[in-house]
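A quick write-up on the structure given underneath.
Bear in mind that the values in this text are calculations on the coordinates, not laboratory data. Just so it is clear, the structure is predicted and the values come from calculations on it, not from any experiment. Cβ coordinates were reconstructed from backbone atoms using ideal geometry, including for glycine residues, and neighbour counts include every protein chain displayed.
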Amino acid sequence: MRELDRRRILSHATALGAASLLPARAAAQRATDGQAADRPAAALPARQEFVVRGAHVLTMDAALGELTAGDVHVRDGAIVAVGATVAAPGAEAIDGRGMICMPGFIETHWHLWTSLLRPIVRADDARYGYFPVTARLGPQYTPQDTYRSVRLGLAQALSAGITSVHNWAHNVRSPAHADAEVAAMRDSGMRGRFSYGTPQGLPNDQPMDIADLARLKREWPDRDGMLTLGICSRNVGNDPNPLRGNVTMDMVKKEWGAARDLGLPITLHTSGPSPVKLLDDAGLLGPEVQLVHPLLTTADERAILAARGTSYSMAPLGESRRPATAGVIQLGELMEAGVKISMSIDHTTTLNCDCFACMRTLYNLHQHRIGERVKLTSRRLVELATIDGARDLGVADKVGSLTPGKRADLILVRSTDVNMAPVGDPYEALVGLAEPDNIDTVVADGRILRRAGKFDALDHAQVMRDAMESAAALRARANWP
Ligand SMILES: [Zn+2]
């Protein structure tokens, strides 16, 4: 990140943080945010014209297939040609030999605001578990903390080859917090959906801030089609965990109805007893609804979901850690039933952001439980992590495959690294062997955001320093031991 741009972001983040301490100035703060939101994203590199040459190209487009040695030409943020040899006079040539060139990963459910809680959350001690910590620390967040936390998570996403995220924001404490979430997404240069949720600790009988949701839709600061808006709903049904939020069907109808009136998609966790029948009986399921954590679905429910076009996001790294009583990963059953599925990170407080590990975990557990009865190939898992995610987020016409005419979200994965070489089947290598450290280059909408495993513009050190400062301050404000 250039120094001037870094100062702009810092002054923006500082303004956001200051506003949270002075709620009377909320309106003025929103005006400030609006000005900041209109500034050019100068911290981002320009969209370049380039051609990746000689890579093993996995287009993830059924008609185009793969090229063992091929070129991908990008101009003005779009893929203009894919082929064995593409003439691209004047374009910067990027040597793709020894690399797999593929669409960037698309994850579909991630609580980015929790990234700062790493120093506190523990997987091995329930007192410091994800839910008690997010419930206690969530109310302490300033918009600045939110900005820094989301930025930290997105920096990790980029370093792991993710080019689209679904920011499942269930701690939107004020309009300034909402703006901070979106500002961090926009400043990252990544594509994604921001799903507006309720703040941690909101009583179940109080609705989300529908007026501010409408305000954000009206003032939507994204100018280039990279970001979309949705809502995240609190749980419904008989969820035994009070810390997740659990609302009545009347509240669901009110909030989902408001989202639908605004033309926004909806996402919902289904941890605990499945609410699928309840929702379907109320006529609430449709293709604009995404559910998360399919661990306890029945055959009847899967048939309903397939008929309604409702999707399910699987977060295998966290789900595989849950007790058996909470259900099992049902990839095979969902595939058999034809339910629309995708893959997600969930959070990175105690889980790594690693799409290779997500695919591997799904494969391992599928083999463990179901095996050959439902055939699962490595290629199918790479689809799940790319084009299926694009379908889930409603952006498959733009990204998810290396198809000429689509936007240029792509990654280069080194196949010459010691854990990869010599590569045989590239899908096998990605699912069985690869790790985020193998990701060499990350491109989002034609902007080269990482090269040779390093950020091109983002100031890594500053992101870390700010995150550590905010984490320590949060901890102090919460009086956390
Ligand atoms: Zn979640």
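Taking the Cβ of each residue in 253, 406, 340 as the centre, tally the other Cβ atoms inside 10 Å and list the residues starting with the fewest.
253, 340, 406
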Listed with the fewest Cβ neighbours within 10 Å leading, 455, 131, 50 appear as 131, 455, 50
For region 222-303, the dipole about the Cα centre with charges only on Cβ (Lys and Arg +1, Asp and Glu -1), to the nearest 20 debye, works out at 160
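Antiparallel as a % of all DSSP beta bridges within the chain, to the nearest 5?
Working: 27 of 64 bridges.
Roughly 40 percent of the DSSP beta bridges within the chain come out antiparallel.
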The farthest towards the positive end of the charge dipole of the chain, of the residues 479, 345, 106, given +1 on Cβ of Lys and Arg and -1 on Cβ of Asp and Glu, is 479
Everything considered on the Cα gyration tensor (a ≥ b ≥ c; rounded for a/c under 1.5, else prolate if a/b is larger than b/c, else oblate), region 105-227 must be described as oblate
In Å, the C-alpha Rg and Dmax of region 170-209 are 11.5, 37
Taking a straight Cα-to-Cα line shorter than 20 Å from residue 277, and setting aside same-chain aspartates and glutamates fewer than 8 residues away, one finds 239, 250, 255, 288, 300, 301, 333, 336
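Suppose only helical runs count, i.e. DSSP H with n ≥ 4. What mean residue ellipticity at 222 nm does that imply for the chain under -39500 (n - 2.57) per run, divided by all residues and rounded to the nearest 500 deg cm²/dmol?
Details: 16 runs with 173 residues, N = 481.
Mean residue ellipticity, 222 nm, calculated: -11000 deg cm²/dmol.
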Two pseudo-spin positions, 7 Å from Cα along C-beta at residue 49 and at residue 416, lie apart in nanometres by 2.8
Expressed in nanometres to one decimal, the distance between label points 7 Å along Cα→Cβ at residue 277 and residue 253 is 2.0
To the nearest 20 debye, region 327-407 has a Cα-centred charge dipole, built from +1 on Lys and Arg Cβ and -1 on Asp and Glu Cβ, of 240
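For region 244-358, report the convex hull volume of the alpha-carbon atoms normalised per residue, in Å³, without decimals.
Working: hull volume 13.5 nm³, N = 115.
Spread over its residues, the Cα hull of region 244-358 gives 117 Å³ apiece.
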Residue span residue 238 to residue 397: 0.36 nm per residue of separation minus Cα-Cα distance leaves a gain in nm of 53.5 nm
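What shape does region 355-481 take by its C-alpha gyration tensor, where a ≥ b ≥ c are the square roots of the eigenvalues and a/c under 1.5 counts as rounded, a/b above b/c as prolate, and the rest as oblate?
On the way: a/c = 1.74, a/b = 1.41, b/c = 1.23.
Prolate, because a/c is 1.5 or more and a/b exceeds b/c.
Work through the residues other than residue 432 whose Cβ is under 13 Å from its Cβ and net out their charges, Lys, Arg +1 and Asp, Glu -1.
It works out to a net charge of -1.
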Taking the dipole of region 152-262 about the Cα centre (Lys, Arg +1; Asp, Glu -1; charges at Cβ), the one of 257, 211, 183 that reaches farthest to the positive side is 257
For the chain, the dipole about the Cα centre with charges only on Cβ (Lys and Arg +1, Asp and Glu -1), to the nearest 20 debye, works out at 840
If amide H atoms are modeled at 1.01 Å from N in the peptide plane, then the residues at a separation of 5 or more from residue 196, or on another chain, having amide H under 5 Å from its own are 230, 231, 232
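Work through the residues other than residue 257 whose Cβ is under 13 Å from its Cβ and net out their charges, Lys, Arg +1 and Asp, Glu -1.
Numbers: positive: 253, 254, 260; negative: 250, 255, 261, 288.
Charge balance in the 13 Å sphere: -1.
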Honestly region 80-154 on the Cα gyration tensor test (a ≥ b ≥ c root eigenvalues; a/c under 1.5 rounded, otherwise a/b vs b/c for prolate or oblate) is just prolate
Taking 0.36 nm per residue of separation between residue 479 and residue 367 and subtracting their Cα-Cα distance, the length gained on full extension comes to 35.8 nm
The lysines whose Cα lies under 25 Å from the Cα of residue 375, excluding any fewer than 8 residues away in the same chain, are 340
Sorting 381, 356, 464 by the position of each Cα along the dipole of region 352-481 (Lys, Arg +1; Asp, Glu -1; all at Cβ), the one nearest the positive end of that ordering is 381
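Can you give the direction-averaged projected area of the convex hull of the alpha-carbon atoms in the chain, in nm²? Write down the numbers at each step before the final one.
Details: hull surface 86.2 nm².
Convex hull of Cα atoms, orientation-averaged projection: 21.6 nm².
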